[in-house]
Amino acid sequence: MERFLLLSHAGSGCLVLLLGLINMLNRKGHRNHIITGKIYVGLMWWICASAVCVISFYRFSAFLLVIAVLTFYSTFVGVRVLRRKKLGTEKWYDWVVAILTILFGVGLCGYGISVFMKVSNFHWLGALSIGFGIFTASGAVRDIRFFVSRQPNERLWWLYQHINAMGGSYIAAITAFAVQNGGVFLPSQSWAWLLWVLPGVVGSQILSRVVANHRKKVSIPVRQS
């Protein structure tokens, strides 16, 4: 069973990398985009579930735990935001998932602090844990604030959230692939922390440009014939 979980987890991850790239090229809202997106989401759910099973029953892995939580929350928000375009339509489970994600982020920060206290010196694992913990918790806090205020400052807020969330899940998949194959990309383990950071830094810049381009298209007035 452990071998099945690991192999299916890795296989789903490879498919997600391919499908995510294909869906970026598909026209948004088109039938192909929707179908490919549903397959992508289904594979992401299995990636998260298989990671939790491995962590719970076979061996604990902070790496799998971090990726599982980030992937699940990003994918969850990316799907749910398309179903709650109307303000005030969030469900109780939107709140529960956001709160649990905040707790995980806080816990990860606590783990990072404990690493520093244990080694009494700088350690990249502690720094990454605190960084990822803050990033994870802040995203969920932002969503809860949105639930409470119900005041989007943009007409297509749900589209921009969808792009950022699904893009975030794809960045998590790339990070997982890079870290698991670190020996291929880096000659020394002392630079392994780069594989945790670079996908997020580069990916966030790309997402910002994509969202900015969509905003620009919306702001361009349509010529009357």
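The values are calculated or read from the model by the stated rules, or taken from the named source; none is laboratory data. Since this is a predicted model, take the numbers as computed values, not measurements. Note that we place each Cβ from the backbone using ideal geometry, even for glycine, and neighbour counts take in every protein chain shown. Accessible surface areas use protein heavy atoms only, side chains included; no ligands, DNA or RNA. Shrake-Rupley method; radii C 1.70, N 1.55, O 1.52, S 1.80 Å.
In table form, for the structure just shown:
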quantity	calculated
Test for Leu128: is it of a type outside the set (S, T, N, Q) and touching a residue at least 40 places away in the same chain (Cβ under 8 Å)	yes
Which numbered condition Trp46 misses (of (1) free of Cβ contacts under 8 Å to residues at least 24 places away in the same chain; (2) closer than 20 Å to Leu100 by Cβ; (3) open to solvent by 60 Å² or more (accessible area, probe 1.4 Å))	(1)
Hits in the range 83-99 (condition: touching a residue at least 12 places away in the same chain (Cβ under 8 Å), within 20 Å of Gln151 (Cβ to Cβ) and surrounded by 11 or more Cβ atoms within 10 Å (Cβ to Cβ))	Arg84, Lys85, Leu87, Glu90, Asp94, Trp95, Ala98
Residues of the range 155-180 that turn out to be more than 14 Å from Met24 (Cα to Cα), open to solvent by 40 Å² or more (accessible area, probe 1.4 Å) and not basic (Lys, Arg), as a count	5
Qualifying residue in the range 18-39 (condition: out of contact with any Pro (no Cβ under 9 Å at 6 or more places or on another chain), in a helix (DSSP H, G or I), of a type in the set (Ser, Thr, Tyr) and crowded, with 20+ Cβ neighbours inside 10 Å)	no
Qualifying residue in the range 185-196 (condition: outside any helix (DSSP H, G or I), at pLDDT below 85 and open to solvent by 40 Å² or more (accessible area, probe 1.4 Å))	yes
Residue that is nearest to Leu15 (Cα to Cα) [pool: residues in the range 197-225 that are at pLDDT 90 or above and of a type in the set (Ser, Thr, Tyr)]	Ser204
Search result, residues across the range 44-79 that are part of a helix (DSSP H, G or I), in contact with a helix residue (DSSP H, G or I) (Cβ under 9 Å, 6 or more places away or on another chain) and among the hydroxyl-bearing types (Ser, Thr, Tyr)	Ser50, Thr71, Tyr73, Ser74, Thr75
